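Any read-out appearing in this document is the output of simple, stated calculations on the displayed coordinates, not a laboratory observation. Source: prediction; values computed, not measured. Backbone-built Cβ (ideal geometry, glycine too); neighbour counts: all protein chains shown.
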Amino acid sequence: MTHTPPILSPSLLSSDFGNLQRELEALEQAGLSWVHWDVMDGLFVPNITFGPPVIKRLRATSNLFFDVHLMIDRPERYIDAFVDAGSDLICVHAESTIHLERVVSEIHRQGCQCGIALNPATPLEVVSYLLPQLEMVLIMSVNPGFGGQSFIPFTRDKIQHLAAMISEQKAHTLIQVDGGVTLENAGELIGLGADILVSGSAFFGYPPYAKRYQDYMQAMTARLAPGS
Ligand code: DX5
Ligand code: ZN
């Protein structure tokens with residue numbers, strides 16, 4: 001646990017796509033600081049969502065931290081576009097590109113924070129050498145592509161191992177967990193070492209957002225020892 005307090009990043013995938021501007025305003029008013037954008041290309045994952053023009057348009061109306069999760073094939077083709085759209089952090093999948101270090105360096109060169117996402121079955125070793133230069137590693141706790149899936153239990157172990165790798169290397173990388181996060185497992189996931197939880201269906205399905213956020217923050221901090 002390196003980030004105190006932990007962060008909740010609501011996934012817009014479960015929000016009202018007809019009113020994205022209103023949704024972003026509502027998140028900000030509810031006190032949230034991050035928002036998670038799930039970009040899907042119908043190739044890397046079987047679903048399609050939105051791309052840089054939508055993000056750019058909404059960047060102009062929002063002060064939230066734009067946490068952009070790219071589920072697209074060969075993301076190196078679109079780094080310029082997502083930086084230009086106003087992403088604060090761009091997260092690419094290790095499985096989506098051959099030259100991962102090159103993509104990470106390019107994201108940083110363009111002045112953006114960078115994360116690497118790992119599908120549930122992808123071993124942690126693929127990020128081992130990159131940890132010192134990464135702001136975040138995203139542990140997928142479902143197979144990417146859809147909201148509302150059930151948490152895959154073995155990813156608990158993966159969170160713990162990643163936390164150990166990070167502290168062993170004295171790195172400052174934050175751990176994000178995405179998929180199947182609920183009010184019920186949020187505290188446990190933070191206890192295992194997660195710093196940032198993404199929540200889609202279990203967040204947007206339970207308005208008002210201020211109350212839901214408060215409940216999440218309470219669940220996320222309940223098991224932390226004071227000062228940890
Ligand atoms: C899945 C996405 C997630 C998704 C999470 O491919 O990366 O961010 O929105 O949805 P829930 O929280 O409903 O599992
Ligand atoms: Zn996501």
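What the pair-distance distribution of the range 141-228 shows, using all Cα-Cα distances binned every 10 Å from zero, is 17, 47, 31, 6, 0 percent. In this rough spin-label picture, where each label sits 7 Å from Cα along the Cβ direction, the GLN21-GLN149 distance is 3.4 nm.
Going by neighbour counts of Cβ atoms within 10 Å, the residues LYS56, LYS158, LYS170 line up, fewest first, as LYS170, LYS56, LYS158. The ranking of GLU125, GLU23 by Cβ neighbour count inside 10 Å, starting from the fewest, reads GLU125, GLU23. Model label points for THR61 and GLU125, set 7 angstrom from Cα along the Cα-to-Cβ axis, are 4.7 nm apart.
Here the range 59-208 is assigned +1 on the Cβ of each Lys and Arg and -1 on the Cβ of each Asp and Glu. Its dipole about the Cα centre then comes out at about 40 debye. Straight-line cross-link reach from LYS158 at under 16 Å between alpha-carbon atoms covers these aspartates and glutamates, not counting any fewer than eight positions away in the same chain: GLU125, GLU168, ASP178, GLU188, ASP195. How many percent of all Cα-Cα pairs in the range 70-228 sit more than 27 Å apart? Considering the range 70-228, 25 percent of its Cα-Cα pairs are separated by more than 27 Å.
Ranked by how many other Cβ atoms sit within 10 Å of their own Cβ, fewest first, the residues SER96, SER9 fall in the order SER96, SER9. Considering only beta bridges that DSSP places wholly inside the range 6-130, some 5 percent are antiparallel. On a per residue basis, the convex hull of the C-alpha atoms belonging to the range 1-139 measures out at 117 Å³. Taking 0.890 mPa s as the viscosity and 25 °C as the temperature, the Stokes-Einstein diffusion coefficient of the range 1-72 based on its alpha-carbon Kirkwood radius rounds to 189 µm²/s.
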